[in-house]
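Working notes, structure below.
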Amino acid sequence: MGTIITVKDVENSIRNIPDFPQKGIQFKDITTALKNPDIFSFVADELFKQYEGKGITKVVGIESRGFIMASILAYKLKAGFIPIRKPGKLPAPTFSKSYSLEYGLNTLHIHQDALDKDDVVLLHDDLLATGGSASAAVELINKFDVRNIYISFICELTFLKGREILGTENNIQTLIKY
Ligand code: AMP
């Protein structure tokens with residue numbers, strides 16, 4: 001039997017890297033959490049519990065760290081997995097959205113046939129910072145006029161107020177708040 005894990009253990013296992021990838025950023029490195037089998041499964045189970053029974057049909061993951069838990073959630077929720085990716089990665093026609101993130105600029109893409117109006121979507125990324133990435137992802141998902149969108153992150157940098165950018169109409173859950 002594995003060790004009993006708490007949210008505090010997950011928080012303590014996430015490594016902080018100052019000034020990465022640029023000066024002033026406190027980078028939350030989840031690799032030190034994910035390499036621990038008990039913490040890895042605890043995080044997956046905790047996220048799953050929040051969305052079990054909500055009728056989610058598709059889990060959308062944001063490249064690349066968002067793919068890790070999004071694909072596990074899709075498997076556990078018996079939903080499909082949809083990737084939102086950086087430019088030049090998706091091979092078929094896409095919708096795209098450009099935005100600024102905590103460090104630099106980015107564009108995200110989704111395949112034009114990824115979702116449909118009957119879908120109930122869970123959007124997942126590892127971390128909510130300014131909310132730019134998730135807002136761009138929500139804008140892409142909204143092109144499909146889906147029934148409902150839930151949003152989940154492992155970590156939230158509350159001082160950057162990403163939640164405010166995402167708006168209260170979106171149902172947002174985060175496991176760890178900094
Ligand atoms: P944002 O769009 O500003 O909410 O940034 C969120 C995205 O950038 C996520 O995909 C994160 O993986 C990454 N990110 C932004 N800031 C950090 C940070 N301080 N530590 C780790 N990842 C970050």
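The values are calculated or read from the model by the stated rules, or taken from the named source; none is laboratory data. All values reported here derive from a predicted model rather than from experimental measurement. So basically every Cβ, Gly included, is an ideal-geometry build from the backbone, and we count neighbours across all protein chains shown.
Here are a few things to note about the model shown:
- The residue that is nearest to residue 53 (Cα to Cα), among those in segment 100-131 that are surrounded by fewer than 15 Cβ atoms within 10 Å (Cβ to Cβ) and among the polar types (S, T, N, Q), is 112.
- Number of positions in segment 132-158 that are out of contact with any Leu (no Cβ under 7 Å at 6 or more places or on another chain), away from the ligand (no atom under 15 Å from the Cβ) and touching a residue at least 12 places away in the same chain (Cβ under 8 Å): 4
- Flag if residue 149 is in a strand (DSSP E or B), over 21 Å from residue 58 (Cβ atoms) and touching a helix residue (DSSP H, G or I) at 6+ places or on another chain (Cβ under 7 Å): no
- Top-ranked residue of segment 66-86 - restricted to ones that are basic (Lys, Arg) and closer than 18 Å to residue 138 by Cβ, ranked as surrounded by the most Cβ atoms within 10 Å (Cβ to Cβ): 85
- Subset of segment 159-172 (residues that are β-branched (Val, Ile, Thr), farther than 19 Å from residue 108 by Cα and near the ligand (Cβ under 9 Å from one of its atoms)): none
- Considering residues of segment 28-65 that are crowded, with 20+ Cβ neighbours inside 10 Å and among the small types (Gly, Ala, Ser) only, the residue nearest to residue 120 (Cα to Cα): 61
- Residues of segment 115-131 classified as of a type outside the set (S, T, N, Q), in contact with a strand residue (DSSP E or B) (Cβ under 8 Å, 6 or more places away or on another chain) and without any contact (Cβ under 8 Å) to a residue 40 or more places away in the chain, total: 0
- Selection of segment 108-131 for residues being in contact with a Ser or Thr (Cβ under 8 Å, 6 or more places away or on another chain), in a strand (DSSP E or B) and within 12 Å of the ligand (Cβ to nearest atom) yields 108, 123, 124, 125, 128.
- Residue check: residue 68 meets all listed conditions (1) without any contact (Cβ under 8 Å) to a residue 24 or more places away in the chain; (2) in contact with a helix residue (DSSP H, G or I) (Cβ under 9 Å, 6 or more places away or on another chain); (3) within 13 Å of the ligand (Cβ to nearest atom) but one, namely (1).
- When residues of segment 147-178 are limited to those that are among the small types (Gly, Ala, Ser) and at negative phi, the one modelled with the highest pLDDT: 152
- Taking segment 34-57 as the range and being within 15 Å of the ligand (Cβ to nearest atom) and touching a residue at least 40 places away in the same chain (Cβ under 8 Å) as the test, only 43 passes.
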